[in-house]
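Presented below is the structure to which this report refers.
Derivation of every value follows stated rules applied to the coordinates shown; laboratory data play no part. Everything numeric in this text was worked out from a predicted model, so none of it was measured. Cβ atoms come from the backbone with ideal geometry, glycine included; neighbour counts cover every protein chain shown.
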Amino acid sequence: MDFTKWADAYLEGSLSEEDRLKFESYCAANPEQYNLLETHRMFLEQLRGYGKRKLLKNQLQEISAHLSAPAIDHLSSVDEPPVISLWTRFKVNALVAASVAVLAVLTTLWATGYYSSVKDTSTQYSALRRDMNNIRRNVKAQNMAIRNMNSSTNKNGVYNSSHYSASGFALSPTNYIVTNYHVIRDADSVYVQNISGDSYRAKVIYQDPIYDLAVLQITDPSFKVQTNVPYAFKQGIADVGEDVFTYGFPRDEAVYGRGYLSSKTGYSGDTTSYQVSIDVNPGNSGGPLLDSKGNVIGIISGKQTQAEGAAFAIKSNYLLKSLSNIPADSLGGKFSLNRKNILNGMAQRDQIKKLENYIYMVKVY
Amino acid sequence: MNKGKEEFFADDQQLIHGLKQGSSETLDHLYRTYFPMVVKLIRDNSGTEEDAKDIFQDTVLVLYDRVRQPDFELTSKLKTYLYAVSRRLWLKQLNRNGRFNDDIADYEDALAIEEDLGIHEETDRQYYQMEEALMQLGEPCKSIITDFYIQNRSMQDICDKFGYTNADNAKNQKYKCLQRLKKLFFQISDDLAEG
């Protein structure tokens, strides 16, 4: 019997006690043969291991073959509700969709000019020109048309169809009128109307968007020009606490308003204007701001929307500065600024009586 | 500390013991407890259920090979281990398909597992040799060897099944088969080493 056969039998444990001892002592005596035994033992082990693993693999295959698709779905969906699994599946799509939406919204806002108007809407400064009520005007016009139909006369009713109205006051000579730039901005034509209701056509001869100032000239030949105005223009800065008053056209009738100078700077620290505590309304823009002696110290231009009693008036010295910039050839004649104040010392109501003929309502079409 | 750890892993130890024996109950339990986790992992990473089945099967085999090493000791929760191995195997497969690029960070936490995968691959290779050798051995030798060494059937059964006149004849035949198998096995091993 050759050695491996012996070895095989030995490893199987099928040798008799006597043979086993014999074999062991033989192996101990021959290390080479012992190595053969070891190799054989390892080979057998490998064979057995292979067998076991193959069995295991078969078992695994059998189990996983029995796992049908619905069973897996059941298994894997136990730990999470459908909403979450939907979310995990469509997360990327949702994120992409959301970012596209955000981009689209921002682009639309940008394209429609939202961002350029943000500044306008966020400011609390409100220019005081009066916006004529379109609807009321249209209704009025219709009523008039109906009346005309019934009476079958074809009279052309005179009605107010201006887009904006504000105030203005005369320089000297009196056919020059100063008002705010924002009043006559985008104007097709400009008319001025005095306290007694006479209306004259005027043309804009100078505009200064920086100081928000404009100068009109009455071109109507029927207008009687006077050389002087009763009030003077203050050259310096007025003092805080000074009593001031204004006279303007917040409605179709002239309205007097009084108050006091509350600060030497205007809206958000604007040094070209005063803050005035005075009741003013849309339409007061361009009206004069006078101190108690009858000096023009400023021009009403606007107010702060979310603050009480904070109106703003452009300082008279900036008016003077601006007027001196007017090129001489754009003027028909020379005009000077009145320094002689005949209102000084008068009672307020007399001052107004003198003053009112030089205040105009500026109507812009 | 050790004692606490043992208690903590009591369930896992039982499972490992069962796995060593190849108990089908244990395998069932493994599938029921840990397979969903692997399905989810692979589905979330652009795989299918079929992929998950393959990966899980390999994962169990990796564990099996590791468990059969004499120096085996469970150092983490079984769940953690299985998850890590599955993940590693799936990443490897994705890599093979050229769909994923590994980064270094992945290697760092997978070093221990990498070793176990090495053992698994080595075992796989050896068993592939054995399979080849058995295939080349042909009938009836293949059946005799499988019956005796793998199914653990007695010599007498084999003798009856293959119609040998007595157990000694069968034994002789088995011995011859074994010798041939051994020869084939080492031949394939040499071929692989050369090839």
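What percent do you get for the relative contact order of the stretch B:15-81 when only Cα pairs under 8 Å and 6+ apart count?
27 percent
Across the stretch A:129-365, what fraction of all alpha-carbon pairs, as a whole percent, falls in each successive 10 Å bin from zero upward?
That works out to 8, 33, 35, 16, 6, 2, 0, in percent per bin.
If you take every DSSP beta bridge whose two residues both sit in chain A, what share of them, in percent to the nearest 5, is antiparallel?
95 percent
Kindly identify the stretch A:164-296 as rounded, prolate or oblate by the Cα gyration tensor criterion: order the square roots of the eigenvalues as a ≥ b ≥ c, call it rounded if a/c is under 1.5, otherwise compare a/b with b/c, prolate if a/b is larger, else oblate.
Since a/c reaches 1.5 and a/b is larger than b/c, the shape of the stretch A:164-296 is classed as prolate.
Hydropathy at least 0.0 by Kyte-Doolittle, axial extent at least 15 angstrom from the Cα trace: which helices of chain A, defined as entire DSSP H runs, fit?
On the way: long enough: A:17-29 (18 Å, -0.91); A:31-66 (52 Å, -0.99); A:82-111 (40 Å, 1.44); A:134-151 (26 Å, -1.03).
Once both thresholds are applied, what remains is A:82-111.
For the protein assembly as shown, report the translational diffusion coefficient in µm²/s to the nearest whole number, using Stokes-Einstein at 20 °C, 1.002 mPa s, and a Kirkwood Rh over Cα pairs.
Rounded, D is 62 µm²/s.
Per DSSP H run of n ≥ 4, the term is -39500 (n - 2.57); total these for chain B, divide by its residue number, and report the mean residue ellipticity at 222 nm rounded to 500 deg cm²/dmol.
Rounded to the nearest 500, it is -25500 deg cm²/dmol.
Using the Cα gyration tensor of the stretch B:138-194, with a ≥ b ≥ c the square roots of its eigenvalues, what is the shape: rounded (a/c below 1.5), prolate (a/b larger than b/c) or oblate (neither)?
prolate
What Cys residues in the protein assembly as shown are without a partner cysteine, judged by a Cβ distance under 4.7 Å?
By the Cβ distance rule, which asks for a partner under 4.7 Å, the isolated cysteines are A:C27, B:C159.
Where does the stretch A:1-54 land on Rg(C-alpha)/(2.2 N^0.38 Å)? Could the numbers behind the result be given before it?
Numbers: Rg = 12.1 Å, N = 54, 2.2 N^0.38 = 10.0 Å.
In units of the globular-protein estimate, the stretch A:1-54 measures up at 1.21.
Quick one: compute the contact order of the stretch B:138-194, relative version, from alpha carbon pairs under 8 angstrom and 6+ residues apart, as a percent.
31 percent
Add -39500 (n - 2.57) for each DSSP H run of 4 or more in chain A, then divide by its residues: what number comes out at 222 nm, to the nearest 500 deg cm²/dmol?
Result for chain A: -13000 deg cm²/dmol, rounded to the nearest 500.
Within chain A, what is the longest stretch that has no GluC sites (Glu not before Pro) placed in a DSSP loop and near at most 13 other beta-carbon atoms within 10 Å?
Value returned for the longest uninterrupted segment is A:1-252.
Output the 0 to 90 degree angle, nearest 10, between the alpha-carbon long axis of helix B:78-96 and the longest principal axis computed from the alpha carbons of chain B.
That works out to roughly 80 degrees.
Take the alpha-carbon centre of the stretch A:307-322, take the same for the stretch A:204-239, and report the distance between them in whole Å.
The stretch A:307-322 and the stretch A:204-239 have Cα centres separated by 15 Å.
Taking the radius of gyration and the Kirkwood hydrodynamic radius from Cα positions alone, what is the Rg/Rh ratio for chain B, to two decimal places? Numbers along the way, then the final one.
Numbers: Rg = 21.0 Å, Rh = 19.7 Å.
Rg/Rh for chain B comes to 1.07.
Build a GNM of chain A with springs between Cα atoms under 10 Å: which of A:G283, A:G302, A:G257 gets the top mean-square fluctuation?
Comparing A:G283, A:G302, A:G257 in the GNM, the peak value goes to A:G257.
Take the alpha carbon gyration tensor of the stretch A:266-365, find the square roots of its eigenvalues, order them as a ≥ b ≥ c, and report rounded if a/c is under 1.5; if not, report prolate when a/b exceeds b/c, else oblate.
Working: a/c = 1.61, a/b = 1.16, b/c = 1.39.
Because a/c hits 1.5 or more and a/b fails to exceed b/c, the stretch A:266-365 counts as oblate.
Using Cα-Cα distances under 8 Å and only pairs 6 or more residues apart, what relative contact order does chain B have, in percent?
Here the relative contact order equals 15 percent.
Rank B:M155, B:M130, B:M37 by mean-square fluctuation in a GNM of chain B with C-alpha springs under 10 angstrom and give only the top-ranked residue.
Among B:M155, B:M130, B:M37, the largest mean-square fluctuation in the Gaussian network model of chain B belongs to B:M155.
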